[in-house]
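First comes the structure, then the notes that go with it.
The values are calculated or read from the model by the stated rules, or taken from the named source; none is laboratory data. Note that the structure is a prediction, hence the values are computed from the model and not measured. We place every Cβ from the backbone using ideal geometry, glycine too, and count neighbours over all the protein chains shown. Surface areas here come from the heavy atoms of the whole protein model, side chains and all, with no ligands, DNA or RNA. Shrake-Rupley method; radii C 1.70, N 1.55, O 1.52, S 1.80 Å.
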Amino acid sequence: QVQLVESGGGAVQAGGSLRLSCAASGRAFSTYNFGWFRQAPGKEREFVSAVTWGGASTHYADSVKGRFDISRDNDKNMVYLQMSNLRSEDTAVYYCAATLAYLSAYLRREEKYDYWGQGTRVTVSS
């Protein structure tokens with residue numbers, strides 16, 4: 001089992017930045033790929049970003065490409081999502097998730113993820 005705890009959410013003005021953190025506990029942290037998903041009020045959960053085992057490959061939703069940066073620190077069992085140029089439409093609860101899937105297409109699909117954190121809320125005001 002892998003346990004995930006997100007932190008770093010909060011309120012920020014449009015154009016500002018936040019860094020979300022995901023602390024993972026469990027065995028073989030580096031074996032997993034990690035993703036960030038988000039769910040806005042009244043909307044379905046959507047893919048945001050993903051990073052592979054070694055951190056060399058990253059994936060981003062078109063809506064956040066160029067603004068968000070995902071990274072991981074395997075020595076600390078941490079995954080990060082650096083968010084900049086935040087927009088009101090980025091307002092959502094952000095979830096960290098872990099998967100053993102490795103295909104690029106799979107990393108964008110929430111059903112391929114085995115473990116989920118409880119989420120951290122991000123509110124962007126204009």
Elements of type strands (runs of 3 or more DSSP E) in segment 70-126, at least 1 residues being closer than 23 Å to SER57 by Cβ and at pLDDT 95 or above: 78-83, 92-99
Any pair with Cβ under 6 angstrom, 6 or more apart, that starts in segment 75-98 at a residue that is surrounded by fewer than 19 Cβ atoms within 10 Å (Cβ to Cβ) and ends at one that is modelled with pLDDT under 95 and part of a loop (DSSP other than H, G, I, E, B): SER88/SER126
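Looking at this structure, is SER104 touching a residue at least 60 places away in the same chain (Cβ under 8 Å), open to solvent by 60 Å² or more (accessible area, probe 1.4 Å) and farther than 21 Å from GLN3 by Cβ?
On the way: touching a residue at least 60 places away in the same chain (Cβ under 8 Å): no; open to solvent by 60 Å² or more (accessible area, probe 1.4 Å): yes; farther than 21 Å from GLN3 by Cβ: yes.
No, not satisfied.
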Unique residue being under 16 Å from TYR115 (Cα atoms), among the hydroxyl-bearing types (Ser, Thr, Tyr) and under 12 Å from the mean Cα position of the chain (by Cα) when the list is SER21, SER25: SER21
Failed criterion for ALA50 (all others in (1) out of contact with any helix residue (DSSP H, G or I) (no Cβ under 6 Å at 6 or more places or on another chain); (2) of a type in the set (Gly, Ala, Ser); (3) modelled with pLDDT of 95 or more hold): (1)
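List the strands (runs of 3 or more DSSP E) that sit entirely inside segment 9-69 and contain at least 3 residues that are within 16 Å of THR99 (Cβ to Cβ) and not polar (S, T, N, Q).
Details: elements: 10-13, 18-25, 33-39, 46-51, 58-60.
In segment 9-69, 33-39, 46-51 are the strands (runs of 3 or more DSSP E) which contain 3 or more residues that are within 16 Å of THR99 (Cβ to Cβ) and not polar (S, T, N, Q).
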